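Working notes, structure below.
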Amino acid sequence: MIQSLTQTLGTAGCAIVTMICAYLLGSLSFAIIVCKLTLGRDIRDYGSGNAGLTNAYRTMGGAKTGLVLLGDLAKAAAALSIGGALLGPGGKLLAGAFVILGHVYPLYFGFRGGKGVLVGAMTLLLFDWRIFLVALGLFIIAVALTRWVSLGSILGAISFPFTMYYFYRSPLYTVVAVILSGAVIYLHRSNIKRILAGKENKFTLHGKPQITGDDQKGENGK
């Protein structure tokens, strides 16, 4: 069935289908969805103002963040499955780029989403586990030493073009990796400023959720 579909659509058609499906799946921002369904609030009004996993944990606690984690991983996996089935490895990379785009600029939520780190990590894992492990290793080391999740995310992103070129020697794949890496770093520009100033928030597993049933509206992040 998939082979028949790819023959009917052709390469260009399969690429368009991949991009549209991946973007629409990426636009399912589970941090926003879970927060609205369980607490009746918009997570973007709390903490850092970011609809991502770290802010979900800080504002909603571990149990609800687990739902966010599962949802965001599932949408990335679904998008890359579509891209891979239609176009092979290149289709996975294309789907990864557009599921990240949807996550950062979600169609359903006013184009204000997260920073794409989790769905980006899932993209690396499903594209090539070796590339994923290098990024994950840098992330773990950075967070363990500094407790700055943003620094770990940035270092993981920086590693992507280098590992992509090392394992594939493909100029096209490497250019895509540079673009995705640059996008993640750009989205963390405010974090970089705080890191350089020594004012970045440190991650802790023992923080108290900011959103409760009778909470006051949290400070909107800048």
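Readers should treat all values here as calculations from the given coordinates under stated rules, not as data from a laboratory. None of the values given here were measured: they were computed from a predicted structure. Every residue, glycine among them, receives a Cβ derived from its backbone with ideal geometry; neighbour counts consider all protein chains shown.
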| When only Cα pairs under 8 Å and 6 or more residues apart are kept, what is the percent relative contact order across the stretch 19-72? | 35
| task | List, in order, the whole-Hz ³J(HN,Hα) value for each residue of the stretch 151-160 obtained from phi through the Karplus relation with A = 6.51, B = -1.76, C = 1.60 and θ = phi - 60°; use x for Gly and Pro. | result | 5, x, 5, 5, 5, x, 5, 4, 5, 4
| remark: Dividing the helical contributions, -39500 (n - 2.57) per DSSP H run of n ≥ 4, by the residues of the chain yields a 222 nm value, nearest 500 deg cm²/dmol, of -24000 deg cm²/dmol
| Magnitude of the charge dipole, the stretch 21-98, Cβ model with Lys/Arg +1 and Asp/Glu -1, debye to 20 | 80
| query | Hey, what do the phi angles of the stretch 183-195 turn into as Karplus ³J(HN,Hα) couplings, whole Hz, using 6.51/-1.76/1.60 and θ = phi - 60°, x for Gly and Pro? | reply | 5, 5, 5, 4, 5, 9, 4, 5, 5, 4, 4, 6, 4
| query | In Å and whole numbers, how far do the C-alpha atoms of the stretch 1-114 stretch along each principal axis, longest first? | reply | 47, 24, 20
| note | Computed ³J(HN,Hα) along the stretch 77-86: with the Karplus parameters 6.51/-1.76/1.60, θ = phi - 60°, integer Hz and x for glycine or proline, the list is 5, 5, 5, 5, 5, 5, x, x, 5, 8
| To two decimal places, what compactness ratio does the stretch 128-203 give when its Cα radius of gyration is scaled by 2.2 N^0.38 Å? | 1.15
| request: Run the numbers on the stretch 1-114 and let me know its relative contact order in percent, using alpha-carbon pairs under 8 Å that are six or more apart. | output: 37
| Sparse-neighbour loop sites [trypsin sites (Lys or Arg not before Pro); the stretch 100-189; at most 15 other C-beta within 10 Å; DSSP] | R112, R147, R169
| remark: With the dipole of the stretch 1-114 defined by +1 on each Lys or Arg Cβ and -1 on each Asp or Glu Cβ, the option from G61, L28, G71 whose Cα lies farthest towards the positive pole is G61
| Cβ charges +1 (Lys, Arg) and -1 (Asp, Glu), total dipole of the chain, debye | 460
| request: Could you work out the per residue convex hull volume over the alpha carbons of the chain, in cubic angstrom? | output: 122
| said: Nearest 10 degrees is fine. How inclined is helix 129-146 to the longest principal axis of the chain, computing both from alpha carbons? | reply: 20
| query | If contacts are Cα pairs under 8 angstrom and at least 6 residues apart, what is the relative contact order of the chain in percent? | reply | 24
| message | Report the per residue volume, in Å³, of the convex hull enclosing the C-alpha atoms of the stretch 48-163. | response | 103
